[in-house]
Amino acid sequence: MNRNPNAILDVHERPKPAKWIILSMQHLFAMFGATILVPILTGLSPSVALVSSGLGTLAYLVVTRGKIPAYVGSSFAFISPLISAMAFGGPGAVMLGTFSAGVVYGATAMLITAFGVNWLLRLLPPIVVGPVIMVIGLGLASTAIEMAMNYNQDTGDFVDTPLHFTIALVTLGVTIVSSLFFKGFFRLIPVLIGLVSGYLLSIVVGIVDLTPVREAAWFHVPDFAIPYLTVDPIYSLTIIGIMAPIALVTMAEHIGDQMVLSKITGKNFIKNPGLNRSLLGDGVASIVASLIGGPPNTTYGENIGVLAITRVFSVFVIGGAAVFAILFGFSGKIEAFIASIPTSVMGGVSILLFGIIASSGFDLW
């Protein structure tokens, strides 16, 4: 096996069970902010989004033959189209648009299989994709700052900002210190350490309400949507026209992610398993999401940030994060516990992750 000497766990290395659980949970928590934020902003169910991202990730790993350590979830690029689709026809309209985005990915993958990848790489070279990744990372930075400063989306106000921003900075600082100075196993989990530290500080200062956690049931069935059945046929083409083209935007992000991920892991994912399979994986993951009421799935830029920090590239860890995402979606108590994490804590970690995305795009450029 061609092992990356810089990897703590390479792509096909399987950690021991206890370490696998902790590393998988860390990876899921790092993805959790973006995974849950998109449905919250667009009126979809966060529980369904967790399940669909988990199922989509497992489907992605199958399609790519377990060769790419990538977690999938909804891109921020889909937020505006999702809101528009919800206005047209509710969750059913979103599902139709999500399905159409998946079809665009699948069609592009088939074209690559038939004609090769060079035409697409000439259309979207690193000098084009790099700035796109930079813009995505820098664009997400404002979201991270708003989360860190406890911005209320409903009222448009910043609530108790000094306290929340302090918590975010402490979370960010602990994460950075853990990544740079901790030794051994603790150096593997800086994101999880940062989240736990920020959460404990939030409990101490009294901004965490654990009542919903105590009252929540251990098991609940998410509000899965029945796709397409509520969509007015008159609006179908409009919805497809709103959602499908965004796949081209996220496709550029996807290509950049694959290039940066290849550089970080020491593999060439553009050639093996091939860009056709990785794009098809995104398409299948989005179609899976469309069948249960989740937003479109794409490979996460945040995933690169976590891999770059931890140097844990194992697909078994990615698959474990997907399994835990599904389980969390079906657990009311765990869902309530995760929901109790203040946005400022998530914002502190996100500042670091989104900054790494931007710097990765700069390197590619």
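The values are calculated or read from the model by the stated rules, or taken from the named source; none is laboratory data. As the structure is a prediction and not an experimental result, all values here were calculated from the model. Please note: Cβ atoms are built from the backbone with ideal geometry, for glycine as well, and neighbour counts cover all protein chains shown.
Among the criteria (1) within 30 Å of T175 (Cα to Cα); (2) not in a helix (DSSP H, G or I), the one L44 does not fulfil is (1). Taken over the stretch 63-83, the criterion of being in a helix (DSSP H, G or I) and farther than 16 Å from A322 by Cα is satisfied by F76, A77, F78, I79, S80, P81, L82, I83. The single condition among (1) assigned to a loop (DSSP other than H, G, I, E, B); (2) over 26 Å from T98 (Cα atoms) that F316 does not meet is (1). Pick from A144, A225: which is out of contact with any Lys or Arg (no Cβ under 8 Å at 6 or more places or on another chain), modelled with pLDDT of 75 or more, part of a helix (DSSP H, G or I) and not hydroxyl-bearing (S, T, Y)? Exactly one residue qualifies, and that residue is A144. Just checking, does the stretch 229-247 include any residue being modelled with pLDDT of 90 or more, among the charged types (D, E, K, R) and either surrounded by 24 or more Cβ atoms within 10 Å (Cβ to Cβ) or not in a helix (DSSP H, G or I) (or both)? No, the stretch 229-247 contains no residue that is modelled with pLDDT of 90 or more, among the charged types (D, E, K, R) and either surrounded by 24 or more Cβ atoms within 10 Å (Cβ to Cβ) or not in a helix (DSSP H, G or I) (or both). Pick out the one residue from G54, G73 that is buried (at least 24 other Cβ atoms within 10 Å of the Cβ), under 29 Å from T175 (Cβ atoms), touching a residue at least 12 places away in the same chain (Cβ under 8 Å) and in contact with a Phe, Trp or Tyr (Cβ under 6 Å, 6 or more places away or on another chain). Going through G54, G73 in turn, the sole match is G73. Of everything in the stretch 77-118 that is more than 24 Å from the chain's Cα centre (by Cα) and modelled with pLDDT of 80 or more, the residue that is farthest from L280 (Cα to Cα) is A87. If I filter the stretch 333-341 for residues that are under 28 Å from G206 (Cα atoms), touching a Gly at 6+ places or on another chain (Cβ under 8 Å) and modelled with pLDDT under 80, do I get at least one hit? Yes, the stretch 333-341 has at least one match. Of everything in the stretch 261-304 that is charged (D, E, K, R), touching a residue at least 12 places away in the same chain (Cβ under 8 Å) and out of contact with any His (no Cβ under 8 Å at 6 or more places or on another chain), the residue that is surrounded by the most Cβ atoms within 10 Å (Cβ to Cβ) is E302.
Among the residues of the stretch 270-283, are any at pLDDT 85 or above and not in a helix (DSSP H, G or I)?
Filtering the stretch 270-283 down to residues at pLDDT 85 or above leaves 270-283.
If we keep only those that are not in a helix (DSSP H, G or I) too, we end up with none.
Scanning the stretch 270-283, I find no residue that is at pLDDT 85 or above and not in a helix (DSSP H, G or I), so the answer is no.
The single condition among (1) buried (at least 23 other Cβ atoms within 10 Å of the Cβ); (2) over 14 Å from the mean Cα position of the chain (by Cα) that F337 does not satisfy is (1).
Number of residues in the stretch 115-174 that are in contact with an Asp or Glu (Cβ under 9 Å, 6 or more places away or on another chain), surrounded by 15 or more Cβ atoms within 10 Å (Cβ to Cβ) and hydrophobic (A, V, I, L, M, F, W, C) equals 5.
Cβ-Cβ distances below 6 Å connect the following pairs, each with a first residue in the stretch 4-29 that is more than 20 Å from E302 (Cβ to Cβ) and at pLDDT 80 or above, a second residue that is hydroxyl-bearing (S, T, Y) and crowded, with 18+ Cβ neighbours inside 10 Å, and a separation of six or more residues or different chains: E13/S314.
For F330, state whether it is at pLDDT 90 or above and touching an Asp or Glu at 6+ places or on another chain (Cβ under 9 Å). So F330 fails the test.
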